[in-house]
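Here's the structure, in structure tokens; my notes come after.
The values are calculated or read from the model by the stated rules, or taken from the named source; none is laboratory data. Owing to the predicted nature of the structure, the values given are computational and were not obtained by experimental measurement. With ideal geometry, Cβ positions are generated from the backbone for all residues, glycine too; neighbour counts draw on all protein chains shown. Please note that ligands, DNA and RNA were not included when accessible areas were found on the heavy atoms of the full protein model with its side chains. Shrake-Rupley method; radii C 1.70, N 1.55, O 1.52, S 1.80 Å.
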Amino acid sequence: MTHVLLILHVLAAIVAIGPVTVAASMFPPAARRALDAPDGVGTVRLLHRICRVYATAGVAVPVLGFATAAAMGVLGSGWLIASTTLTAVAAGLLIAFVLPHQDELLEQVGSGQAVERAHTVRLAMSTGIFNLLWATVTILMIVRPGSTTGV
């Protein structure tokens, strides 16, 4: 059962978190270009929708992660506690900063207002931190101290 949970956890991370990190990274430059390109508003809307839908699906990642950790008997491990903390910070950043700023920019783009570069730069920075947090969690999951894989 542990193998099945681990497979589902990794697949959920790839399928759910991957699209959010890519779409969120593409959003700020797409918002800057939206007024100049005929299909720009549609692209920005699509990127925002991808972020929202896959962020919701991403809830499965920590749920399956906790189930896997419980099955493996590693719930008290330091690497798991660190990963859980970083995951919570990443989720908070996505919910509190990235998605709301995307909403604001999408509203500006949709109404034909000029998009302020400073606003897109702040969003890009928040998105970069979000992506860095997920990269760190991924590294902790692969290299985890005390691993029984012998690596």
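Given points 7 Å out from each Cα along the Cα-Cβ axis, report the Ala88 to Val4 separation in nanometres with one decimal.
So the two model labels end up 3.0 nm from each other.
Which FRET efficiency value, to the nearest 0.05, is calculated for Leu75 and Ala96 with the Förster distance at 22 angstrom and r the Cβ-Cβ distance?
0.25
Of the listed values [x] 149; [y] 125; [z] 100, grab the one calculated as volume of the Cα convex hull per residue in Å³ from the structure here.
Answer label, from the structure shown: [z].
7 Å from Cα along Cα→Cβ at both Thr138 and Ala57: what's the point-to-point distance in nm?
Each label point is offset 7 Å from its Cα along the Cβ direction, giving 1.6 nm.
With the crude spin-label approximation of a point 7 Å out along Cα→Cβ, what separation in nm comes out for Phe66 versus Ala37?
Rounded to a tenth, the inter-label distance reads 3.9 nm.
Tell me the accessible surface of Ser25 in square angstrom (1.4 angstrom probe, heavy atoms of protein chains only), to the nearest ten.
Taking all protein chains as shown, Ser25 has close to 60 Å².
If you rank Leu105, Leu140 by how much accessible surface each has, with a 1.4 Å probe, what is the order from largest down?
Greatest to least solvent exposure: Leu140, Leu105.
Show the residues, 5+ positions off or on another chain, whose built amide H is closer than 5 Å to the amide H of Arg144.
none
Highest mean first, how do 65-72, 2-9 rank when packing is the count of other Cβ atoms within 10 Å averaged over residues?
65-72, 2-9
Within the chain, which complete DSSP H helices have Cα atoms spanning at least 30 Å along the helix axis and a mean Kyte-Doolittle hydropathy of 1.0 or higher?
For the chain, where a helix must reach 30 Å along its axis and average at least 1.0, the hits are 117-143.
Mind ordering 26-33, 130-137, 96-103 by average Cβ neighbours within 10 Å, highest first?
Going by the mean number of other Cβ atoms within 10 Å, highest first, we get 26-33, 130-137, 96-103.
Summing -39500 (n - 2.57) over the DSSP H runs of n ≥ 4 in the chain and dividing by its residue number, what mean residue ellipticity at 222 nm do you reach, to the nearest 500 deg cm²/dmol?
Helix-only estimate at 222 nm: -25000 deg cm²/dmol.
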